[in-house]
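The next block holds one structure in the form of structure tokens; read it before the comments.
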Amino acid sequence: MIPQPFRIRQFRQETHDTFTLELEPANGAAPAAFQPGQFNMVYVFGVGEVPISISSNPASPRLFMHTTREVGTVTKAMRRLKKGDIVGVRGPFGTPWPVEDSAGSDIVIVAGGIGLAPLRPALYALINNRDRYGRIVLLYGTRSPNDILYQKELKQWRAEFDLEVYVTVDRAIGSWRGNVGVVTQLIPKAPFDPLSSVAFVCGPEVMMRFTVQELQRRGVAEDKIYLSMERNMKCATGFCGHCQYGPTFVCKNGPVFRFDRIADIFGKREI
Amino acid sequence: MKEIALKAGDTVVVARGDLQALLDALAARDYTLIGPTVRDGAIAYCEIRTVEDLPAGWEDEQDGGTYRLHRRGDGRLFGFTVGPHSWKQFLYPPVLKLWEARRNGHGFTVHRDESPQPRRAFIGVRGCELAAIGVQDQVFLHGKYVDSTYQARREGVFIVAVNCGHVVSTCFCVSMKTGPKVGKGFDIALTEILDADGHRFVAEAGTARGAEVLAAVPHRPADASDRAAAEVVSANAEQAMKRSMDTEGIRDLLYNNAEHPRWEAVANRCMTCANCTMVCPTCFCHTVEDVTDLSGSHAERWRKWDSCFTMEFSYIHGGSVRPSASARYRQWMTHKLASWIDQFGTSGCVGCGRCITWCPVGIDITEEVRAIRETDRAAEEG
């Protein structure tokens, strides 16, 4: 599978170390439809290719939005790209969040840091059909108030779509008057019915570990918790072997896993 | 010579002196011949043209961390087992350019070389190796995605298998049910016999094209005594095999013992050198490297064999998922013997013993399984 050329339609700096690329096909082709939770392999000419989750609204797949953090060679090179530049895209790959299968339930979304990026299309998909769901609660933790992603969208969703948003930060600065502490502290008090809820969780692995514990403590069943896992990835088609997580390949059996299916390896060291 | 029609399943006898005719028949059918040769003191798979290129009269001696060739004192052409090479290097090359791209304006165009691959005939594929090719077929051809580079190389391959008459101490194909007699998937299977009646090969056609090639080689029909002599070769090889691995319930055994102290013990010896993964005929992990030329207008993507024993293999921002040697050894062995079954419906181990021989410190996968089985924590608790 070879990269297809996509043009950067917009480059947006989100926070001091995160940015979003809006990509449209450069060859006039229609971009592939995608499901919330899936990812693309994004290639910077001559530098390399990295997996990045898709963050756009799946109902209008005219473009791919990718929000990422500047952490390695490829994302640093990506950060220097401008509107009009071309990148390569392979995808979409991977398993989606169970958005449609969760109709009729309360939805609890727990995000840590950049983990909100792969959940953004799920939020769109939920509010696109808002009446199909019970309460929708977003619990979001970041390092500081300056690290909060998608602030405009969060305000809009909260105002217009009956989405309950609770944000917490590790370190309060400036005029922050909201919650301080880890995101798991929000779970015991969050307004959802644990017996009829589905949880979508994405963030650092340690954050997801404690999130699962808190959700289970409230009574959310193992098979109603979904996690998006991250591993090194080179091919995205199950051949390079890098993304193996126990018997699974995160690229094709994940990244979104139902918790009970990985419960026996989740939390084991260095799996 | 009169050509007599043969069909798949037929068995004939080809004299040692007529083996060249088999190679010639394959060459005449446009196959590039690859077979065992002696190179750098080991059996290596290289392009061959004549029977003289084969390692006549050589025998190998192997043990944990040990490999030696010596003269066996007879003229057998296949009197050795497997060396550091495996056939995977031809189907799944160690280094391969996947595509190249050239800048044009703001963008770039990607070009992939799709010129046809040479048709190759593999001469001297052992039972364990034929099984290994079957395992990689499962990985690259029968999943959600198909690897087109493997497919292009695999499609035309003609397989001349050899039933082993010689085993070394690292062989354990009997345990893995892959040998010493070759299983399914060959075009022609040879059993080499050297006795009072002379030097000859009992040759079985496994496919119609194998039969067609055999028909073009001087031969006589195999009689009951020829078949019996061939069976004795395989039976003796099986008898001679001392190493074994108990595979009963091995998947759950390893899953249940992910926290076993043995991983720490083996990690104290393991140098994480990746030799085992390089010589393994089924290991398929690779990395990709993107490069540019100095002008920055030409880029290439290369695929290279990689190993789960390196730190970079599992690196994600912040560090490696498996920083400890014990976790990396556990990943390799658990993948090979347990999670491979979940992923591809087969064990990833064919019992060829290469990982034992080529380990610089002689770590033995069969011994590691035994050690865990003897102190199976789940069983103890049960």
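The values are calculated or read from the model by the stated rules, or taken from the named source; none is laboratory data. Source: prediction; values computed, not measured. Here the Cβ positions follow ideal geometry from the backbone for every residue, glycine too, while neighbour counts run over all protein chains shown.
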Suppose we filter B:17, B:65, B:41 for residues that are in contact with a strand residue (DSSP E or B) (Cβ under 9 Å, 6 or more places away or on another chain), under 30 Å from residue B:362 (Cα atoms) and either at pLDDT 95 or above or outside the structural domain of residue B:231 (by TED's automatic domain parsing) (or both); which single one remains?
B:41
Could you say whether any residue in the stretch B:140-156 is within 30 Å of residue B:75 (Cβ to Cβ), crowded, with 20+ Cβ neighbours inside 10 Å and under 16 Å from the mean Cα position of the chain (by Cα)?
no
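Can you find even one residue in the stretch B:292-307 that is of a type in the set (Val, Ile, Thr) and either loosely packed, with under 15 Cβ neighbours inside 10 Å or within 26 Å of residue B:138 (Cβ to Cβ) (or both)?
Filtering the stretch B:292-307 for residues of a type in the set (Val, Ile, Thr) gives B:292.
After this cut, where a residue has to be either loosely packed, with under 15 Cβ neighbours inside 10 Å or within 26 Å of residue B:138 (Cβ to Cβ) (or both) as well, the list is none.
No, the stretch B:292-307 has no match at all.
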Those residues that are touching a residue at least 12 places away in the same chain (Cβ under 8 Å) and aliphatic (A, V, I, L, M), I need them from the stretch A:192-220; list them, please.
A:195, A:198, A:199, A:201, A:207, A:208, A:212, A:215, A:220
Inside the stretch B:12-56, the number of residues satisfying the requirement of being over 25 Å from the mean Cα position of the chain (by Cα), closer than 15 Å to residue B:199 by Cα and either assigned to a strand (DSSP E or B) or touching a residue at least 12 places away in the same chain (Cβ under 8 Å) (or both) is 6
Which of the residues that make up the stretch B:255-314 are of a type in the set (Ser, Thr, Tyr) and either within 8 Å of chain A (Cβ to nearest Cβ) or under 23 Å from the mean Cα position of the chain (by Cα) (or both)?
B:255, B:272, B:277, B:282, B:287, B:292, B:307, B:310, B:314
Taking the condition of being surrounded by 20 or more Cβ atoms within 10 Å (Cβ to Cβ) and within 13 Å of chain B (Cβ to nearest Cβ), how many residues in the stretch A:27-46 meet it?
5
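With the condition kept exactly as written, say whether any residue in the stretch B:311-328 is surrounded by fewer than 20 Cβ atoms within 10 Å (Cβ to Cβ) and touching a strand residue (DSSP E or B) at 6+ places or on another chain (Cβ under 7 Å).
So in the stretch B:311-328, the residues surrounded by fewer than 20 Cβ atoms within 10 Å (Cβ to Cβ) come out as B:311-312, B:315-320, B:323-325.
Those still in the list that are touching a strand residue (DSSP E or B) at 6+ places or on another chain (Cβ under 7 Å) too: B:311.
Yes - at least one qualifying residue is present in the stretch B:311-328.
Before we move on, is residue B:120 at pLDDT 95 or above, more than 21 Å from residue B:6 (Cβ to Cβ) and not assigned by TED's automatic domain parsing to the domain that holds residue B:36?
No.
Within the group A:266, A:239, which residue is over 15 Å from residue A:198 (Cβ atoms), within 14 Å of chain B (Cβ to nearest Cβ) and surrounded by 24 or more Cβ atoms within 10 Å (Cβ to Cβ)? Give the derivation first.
Values: A:266 fails: surrounded by 24 or more Cβ atoms within 10 Å (Cβ to Cβ).
Being over 15 Å from residue A:198 (Cβ atoms), within 14 Å of chain B (Cβ to nearest Cβ) and surrounded by 24 or more Cβ atoms within 10 Å (Cβ to Cβ) holds for just one of A:266, A:239, which is A:239.
Report yes if some residue within the stretch B:88-99 is modelled with pLDDT of 95 or more, at the interface with chain A (Cβ under 10 Å from one of its Cβ atoms), buried (at least 21 other Cβ atoms within 10 Å of the Cβ) and part of a loop (DSSP other than H, G, I, E, B); otherwise report no.
Yes: the stretch B:88-99 contains one or more residues that are modelled with pLDDT of 95 or more, at the interface with chain A (Cβ under 10 Å from one of its Cβ atoms), buried (at least 21 other Cβ atoms within 10 Å of the Cβ) and part of a loop (DSSP other than H, G, I, E, B).
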